[in-house]
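Undergrad: Take a look at the following structure, please.
What follows draws every value from the coordinates through simple rules; no lab data is involved. Because the structure is predicted, anything quoted here is derived from the model rather than measured.
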Amino acid sequence: MDLGERFKTYRLKQKLSQKEAADLIGVKSYQLANYETNRSEPSIQTLKNMSMVYHVSIDKLVNNVQLGSVSMEEQKVFEEEKALFTKKLEEILEALKDWEVNDTKKYPGEE
């Protein structure tokens, strides 16, 4: 989906006509039509206004990505850390089971 199509898609999601959206954004309806058909590009201020009117981040509006989306490398690191966390949590739960079974009334790690 190209930039103009994204502009139109987000406008339609808000159930706004071009005229209504243009008035809220602060541009003429012909300008918005030009943005939606890739005949011209909006200024930074217009992008900010579009972002507010369409209730999406500028990043998502322009790049069609969600804030917080991550690269494959970041996802790999996240999965590795999640696995380490899960392993550590299982160790703690096992220690708690042992503590309850032995009924020593000491917390795990205490001498």
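Undergrad: Report the far tail of the P(r) of segment 3-63, meaning the percent of Cα-Cα pairs longer than 15 Å.
TA: Details: 663 of 1830 pairs.
The calculated P(r) of segment 3-63 puts 36 percent of pairs beyond 15 Å.
Undergrad: Students often forget the sequence filter, so: which lysines lie under 19 Å Cα-Cα from residue 8 once same-chain residues fewer than 8 apart are removed?
TA: 19, 28, 48, 60
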